[in-house]
Structures are given as C-alpha cells and as structure tokens.
1. Give the residue, chosen from A388, A416, that is surrounded by 23 or more Cβ atoms within 10 Å (Cβ to Cβ), in a helix (DSSP H, G or I) and out of contact with any Cys (no Cβ under 9 Å at 6 or more places or on another chain).
2. Quick test for you: out of I16, I25, I57, pick the one residue that is modelled with pLDDT of 50 or more and aliphatic (A, V, I, L, M).
3. Out of everything in region 181-191 that is of a type outside the set (A, V, I, L, M) and more than 12 Å from F117 (Cα to Cα), what residue ends up being surrounded by the most Cβ atoms within 10 Å (Cβ to Cβ)?
4. Looking at region 120-214, what helices (runs of 4 or more DSSP H) fall wholly within it and have at least 1 residues that are at positive phi?
5. Restricting to region 383-401, what's the tally of residues that are touching a Ser or Thr at 6+ places or on another chain (Cβ under 9 Å) and hydroxyl-bearing (S, T, Y)?
6. So if I check each of N454, N449, which one is without any contact (Cβ under 8 Å) to a residue 60 or more places away in the chain and assigned to a helix (DSSP H, G or I)?
7. Answer with yes or no whether D251 is crowded, with 24+ Cβ neighbours inside 10 Å and not hydrophobic (A, V, I, L, M, F, W, C).
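The values are calculated or read from the model by the stated rules, or taken from the named source; none is laboratory data. Since the structure is predicted, the reported quantities are computational estimates derived from the model, not experimental observations. Glycine gets a Cβ as well: all are built from the backbone with ideal geometry, and neighbour counts include every protein chain shown.
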Amino acid sequence: MEALPLPCGNPFDDPIDPINPRDPIVQEWGRNAKGPNDQMGLDIWRNLTTEQRDRLIDAEVEENGIVKPKGYKVSFHYNPRVEAHHFGKSHPMKPWRLTLTKQLIISYGLHFAMDLFESRQADMKELMEFHSEDYIKFLESIDPERHPGHRVDETKRAKYLGVVEPSPDCPIFDGMWNYFSLYSGATLEAASNLISEQSQIAVNWSGGLHHAHKKYGAGFCYINDIVLAIKQLLTIVPRVLYIDIDVHHGDGVEEAFFSTDRVVTLSFHKYAPEIGFFPGTGGMRDTGPKNPRNPGAHHALNVPLKDGINDMQWQELFSQIAEAVIDTYDPRAIVLQCGADSLGGDKLGSFNINIKAHGFCVEFIKSKCHDRPLLIIGGGGYTPRNVARCWTHETSICVEAKLKDVLPAHVPYRQAFMGEEKGGGLLYPTLDNLPGRMHPNLNSDAYLNSLVENIHEQLKYIKGSPSVQMQRIPSDYLRLREDYDARMMDEDDEAERNEAARRRKEKNVGGRGELRDP
C-alpha cells in the first residue's frame with residue numbers, strides 16, 4: 001500500500017534536519033497571521049511553497065507534542081479522489097466535508113501520528129460479497145461518466161434507488177461508481193489492516209454508509225461498506241459488535257445480520273415514525289427475529305431517542321448501554337459508525353449534542369478495546385464544518401492527542417469555520433444553543449431509564465456467545481438467512497396450526513418500511 005498523498009506534500013520528519021520553531025518561514029507566518037480573521041495570513045498561505053507549508057505544519061506538530069501512540073498503531077485509510085464527487089446542488093450530502101476534515105487533520109499535524117494509506121477502489125466481485133449481482137450491475141451501468149448517453153430504465157431506477165420526486169435520496173451523478181467503490185475500498189482495506197494486525201485502530205471517515213441494502217440503495221447510501229467490512233472481519237473473529245451513533249437508525253447493517261448471533265448491532269438514533277423520520281425503523285421492541293429459536297433473536301439492539309437529547313444524557317446513556325453490551329457479548333472486534341448528524345446544529349438532525357460529547361463515544365469504546373481491533377468509520381453529517389470538527393477531534397482521540405481550541409491559522413478553507421454563526425474559528429464551538437437549531441429536549445429521565453432497562457432485558461438472552469468463527473461468509477448469506485427463517489416459520493405453523501398467526505408472522509419477519517428524511 002502507498003502512503004497517502006497529502007495536499008501539503010509528503011510530510012515526514014527528517015531526523016537530520018529537526019523541526020525548528022525559529023524557522024524564518026514559521027516566524028514570518030506568526031508575525032503576519034495575527035488573529036483568526038487575518039486575511040493577510042490567508043493570502044500568505046496561498047502563496048507559500050509546498051516546502052514552506054510543510055515547515056509550518058511541522059512547527060504545529062512540535063508545539064502540540066503530536067507523536068505516534070505507544071503500544072498500538074492507528075491507520076488512516078482514504079483516497080482524496082472521493083472528494084471530487086457531487087450529489088447535486090440542493091442535495092444535503094456534501095463530499096466536500098471530507099476535504100474540510102482532511103485539511104483540519106493535516107493542519108493540526110495528526111497525520112504524523114498515524115500510518116497513512118491511499119486506498120484502492122473496491123471491485124465488482126468484492127461489492128457482490130453482500131450486494132446482489134443485478135443491483136451492482138445496474139449501478140455500474142448508470143454512471144454518466146462511464147456510459148455517456150446511456151438512457152436509464154426508470155422502472156429499474158425506482159426499483160433500485162427509490163422514488164425521484166420531489167427529489168431523489170440516491171441521485172444519479174457523474175463518477176458515482178468511482179465514489180462508492182472508493183469509500184468501500186477504503187473501509188475494506190481498513191478491515192484488512194485490522195485482520196493482519198498492521199494496526200489496532202483503523203479509520204475511514206469516507207465510509208459508514210449504513211442505509212444501503214442487499215438489493216437497493218436508500219438514504220444517500222448506494223453500497224453498504226460496513227456490511228462488507230464486518231463480513232471480512234468475521235472470517236477471522238468469532239463475533240463482532242457494531243455500534244451506530246448516527247442520528248438515523250442503522251437499518252441496512254441490522255438487516256444484513258438479522259439472523260445470526262455472530263453480530264450484535266447496537267444503534268442509538270432518533271425514532272419518530274409518526275412524522276416520517278427516515279428510515280422509520282429501530283423501535284425499542286425491534287430486537288431481531290421474533291422466533292426465539294432464530295440465532296439472531298435479541299441480537300439487534302436499538303436505542304430510539306427523541307428530539308433534543310443533551311450532552312449529559314447522551315454520555316450517561318451511551319456508557320451504561322455500551323459497557324453492558326460489551327461485557328455480556330464479549331466481541332472480538334468492534335465497528336463504530338460515527339455519523340455526525342447527531343451533532344447539534346445539523347441540517348437533518350435534531351439532537352443538542354456538542355463535539356466532545358459525540359467524541360466521548362469514541363473515547364469510551366477505545367478504552368474498552370485493549371485486545372480488540374477497532375474500525376472507526378464516518379456516516380451522516382450535513383453541516384460540513386461541524387462534521388470536519390467532529391471527525392478531527394475523534395481522530396485526535398484515536399492517537400491520544402490534545403488539540404488547541406483555536407484552529408491553526410494555516411488551515412486551508414479557514415473561512416468555512418469563521419464568523420459567529422460558523423463557530424468563530426474554534427474547533428469546539430458551542431452547538432447546543434444555536435438560534436433556530438436548538439431543539440426542545442423531549443427525553444425524560446424515566447424514558448431514558450426505560451431504554452437502559454430494555455437493553456439489559458435483551459442481554460439476558462444472549463449470554464453464551466458463539467466462539468467458533470467461519471473462515472468464509474457465503475456471498476448468498478441473506479438468501480440462506482431467508483431460507484432459514486422460512487423453515488423456522490413453517491415449523492411454527494405446523495405446531496400451532498393457526499393460519500392467522502402464520503400470516504401475521506410472515507408479514508412481520510424481515511419487514512422494513514423505508515421513509516424519507518423530512
């Protein structure tokens with residue numbers, strides 16, 4: 001694997017020429033960049049050579065004492081080509097948030113503390129380890145960049161990518177095949193790094209697209225890189241815990257592993273099906289297959305939240321539930337999806353959570369890993385400047401670095417973070433009191449306690465976790481799962497001889513009601 005090409009050149013610390021904070025370029029920058037709004041400083045940055053920019057970042061690294069963590073390795077998996085894609089002018093998904101994240105990480109010098117990998121694209125065969133062949137071939141055929149002038153069959157489009165009016169969740173755009181094969185390739189390589197023990201923590205902020213299903217896309221997600229990575233981990237480890245802190249329910253991942261006890265899915269999300277909040281699944285009583293003899297029963301754990309949850313509630317709830325699940329299930333690997341739309345001020349979210357409270361989840365899970373590999377991936381997040389702040393902070397947690405609140409003066413695109421309404425040039429602006437973006441807290445203590453009690457009740461059924469791993473997860477896993485469910489259902493029907501009960505169960509098993517974001 002190749003080192004990640006960074007916009008500031010190849011950052012390396014030459015032991016023959018140690019970092020010198022008295023460097024003339026560093027001193028000149030310090031004299032001219034006098035404050036967070038200093039335009040002269042921004043102009044100087046644009047005119048610096050690559051070597052001069054590197055020296056500024058070197059000085060930032062020395063000032064903050066950023067070094068590789070001792071006793072474990074963190075790998076960062078990314079391909080900068082993923083940034084160039086665009087869902088459409090009015091679409092809330094902005095891959096530019098990845099550009100901002102990368103620039104913040106580099107400007108703080110966090111890349112010095114990680115092993116950097118430029119990820120490759122995933123190929124069709126790899127994508128079909130989970131997704132159906134007809135769906136993957138459809139996706140490949142509709143990319144306007146790969147097939148100029150190709151007329152899309154609207155019937156197939158509706159089947160595979162959902163409704164178009166009033167606007168599509170999963171639009172067709174130039175380079176879309178490259179986009180999702182790049183983010184999927186990064187997640188797969190991150191999982192491979194963990195399997196080969198090249199790193200203990202692997203990070204891919206471009207991944208985490210948890211709504212994609214086996215045979216169709218949904219919720220801005222075309223390929224479910226998370227499922228692909230978990231299947232890869234399961235070739236080595238006996239059981240995996242998947243944790244999702246996106247504001248939306250991790251329905252695609254839950255569905256993929258619905259009938260196995262080798263994966264526990266734990267999702268913290270907003271749940272408001274009465275107003276059509278996407279995807280409308282993940283209620284407190286949704287805990288996996290209803291048939292208790294199905295191995296996946298009680299292995300889909302959901303924490304449905306209401307609007308306005310605050311930092312204290314969030315951290316206490318997460319620590320109580322996550323600790324109980326880890327202690328009971330004893331996963332041998334953990335995958336943490338860090339969707340940043342659960343932050344306060346997000347364009348689609350409705351929580352009142354600040355950046356450090358969101359990062360608390362990463363810090364808590366990291367403290368529980370020890371001998372467990374940890375895969376950290378992105379997800380939702382529709383206020384790009386705050387997504388970048390959040391994922392930069394969580395990268396610093398991975399490498400045990402403390403970052404200054406004031407953003408480095410040499411951050412490219414620094415104007416995206418400036419102004420009172422954009423956080424005033426800070427890494428940790430307050431997000432839970434933004435005018436027009438603060439949401440009434442509808443989560444009572446009694447309600448939150450009921451969520452904890454429900455999880456503890458489900459955990460009573462999953463003690464005695466599986467200890468034997470499969471060396472290969474079959475590519476037709478979901479079909480086998482469906483066959484198994486059908487066989488179990490038939491046995492119940494014969495025993496009960498109750499036609500009405502049979503029909504109710506057939507209707508409920510595996511049902512998913514996809515709704516749109518408001």
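1. None of the others qualify; the one that does is A388.
2. Numbers: I16 fails: modelled with pLDDT of 50 or more; I25 fails: modelled with pLDDT of 50 or more.
Criteria check complete, one pass: I57.
3. Y183
4. Here the list is empty.
5. Here the count works out to 2.
6. Details: N454 fails: without any contact (Cβ under 8 Å) to a residue 60 or more places away in the chain.
Criteria check complete, one pass: N449.
7. The answer is yes for D251.
Yes/no matrix, rows are residues, columns are (1) touching a residue at least 12 places away in the same chain (Cβ under 8 Å); (2) outside any helix (DSSP H, G or I):
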{"residue": "V61", "(1), (2)": "yes, no"}
{"residue": "I66", "(1), (2)": "yes, yes"}
{"residue": "G71", "(1), (2)": "no, yes"}
{"residue": "H77", "(1), (2)": "yes, yes"}
{"residue": "R81", "(1), (2)": "yes, no"}
{"residue": "F87", "(1), (2)": "yes, yes"}
{"residue": "P92", "(1), (2)": "yes, yes"}
{"residue": "Q103", "(1), (2)": "yes, no"}
